[in-house]
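The structure appears right after this line, and notes come after that.
What follows is calculated from the coordinates using simple rules that are stated; it is not laboratory data. What you are looking at is a predicted structure, and each value in this text was computed from that prediction instead of being measured. All Cβ positions, even for glycine, are placed from backbone atoms using ideal geometry, and neighbour counts span all protein chains on display.
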Amino acid sequence: MQFVACNHEAHAQQILDIFNDAILYSTALYDYKPRVFDAMLPWFEAKAINGFPVIGAVNDEGVLLGFASYGSFRAWPAYKYTVEHSVYVHQAHRGQGVGLALMQQLMAAARDNQVHVMVGGIDVENAGSIALHERLGFTHAGTIRQAGFKFGRWLDLGFYQYILDTPEHPVDG
């Protein structure tokens with residue numbers, strides 16, 4: 001397994017396939033309709049403009065096993081040191097350490113980018129993702145009960161956070 005900076009040309013379709021699998025068959029993503037390919041270019045552009053990494057794990061043939069990224073937690077300026085992250089692993093490669101390796105890479109990138117807090121919103125029934133985050137030192141920061149409705153039922157969203165030792169010199173404004 002190798003890690004790459006994902007880009008639109010090489011990875012958009014593979015990321016889209018992973019997203020759409022999560023939308024259609026899981027509560028890992030609280031969305032209803034599969035995304036379309038045309039949505040991927042703006043997604044990549046927004047990541048690039050804001051300096052947010054998109055890290056991919058690929059095999060020797062260049063197949064994307066999974067990816068991890070982060071984005072803004074909230075839009076107000078005082079949240080500038082906090083990000084909300086996501087990690088998705090292709091269904092055929094789950095349980096093989098891909099998610100753990102991707103999260104370790106993403107946490108290192110967050111530290112390099114002077115992030116202070118990483119937040120993950122995880123469906124409370126997603127035991128695998130919760131265990132992964134707890135293994136990495138994330139702690140439960142709260143749950144929003146019935147935050148979403150999908151597959152004919154209410155979904156509870158747990159928030160898990162990790163506090164990094166950065167930035168070295170935080171500033172207001």
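Model label sites at V171 and D112, defined 7 Å from Cα along the beta-carbon direction, differ in position by 2.3 nm. Comparing mean-square fluctuations of F149, F44, F67 from a GNM of the chain with C-alpha springs under 10 Å, the top value falls on F149.
Take every Cα pair under 8 Å whose residues are at least 6 apart in sequence, average their separation, divide by the length of the stretch 77-143, and the relative contact order is 39 percent.
One equal scatterer on each Cα of the chain, no solvent, Debye formula: the resulting log10 I(q)/I(0) at q = 0.09, 0.19 Å⁻¹ is -0.30, -1.44. Straight Cα distances below 19 angstrom link K80 to the lysines K47, with same-chain residues fewer than 8 positions distant left out. Each Cα pair under 8 Å and six or more residues apart adds its sequence gap; the mean of these over the residue count of the chain is a relative contact order of 19 percent.
Indicate the helices, whole DSSP H runs only, in the chain that combine a mean Kyte-Doolittle hydropathy of 0.0 or more with a Cα extent along their long axis of 15 angstrom or more. Those that pass (Cα extent of 15 Å or more, hydropathy at least 0.0) are 8-25, 98-112. For K33, a cut-off of 19 angstrom between C-alpha atoms picks up these lysines, skipping any fewer than 8 places away in its own chain: K150. Sparse packing (at most 10 other Cβ atoms within 10 Å of the Cβ) combined with a DSSP loop state is found for the following GluC sites (Glu not before Pro) in the stretch 6-72: E61. Taken about its Cα centre, the stretch 43-173 carries a charge dipole of roughly 360 debye when the Cβ of each Lys and Arg holds +1 and the Cβ of each Asp and Glu holds -1. Summarising the strand pairing of the chain, around 90 percent of its internal DSSP beta bridges are antiparallel. Mind checking which of P53, P34, P77 has the largest fluctuation in a GNM of the chain, springs on alpha carbons under 10 Å? Sorting by GNM fluctuation, first place goes to P77.
Per-residue ellipticity at 222 nm, computed for the chain from helices alone with -39500 (n - 2.57) per DSSP H run of at least four residues, works out to -9500 deg cm²/dmol.
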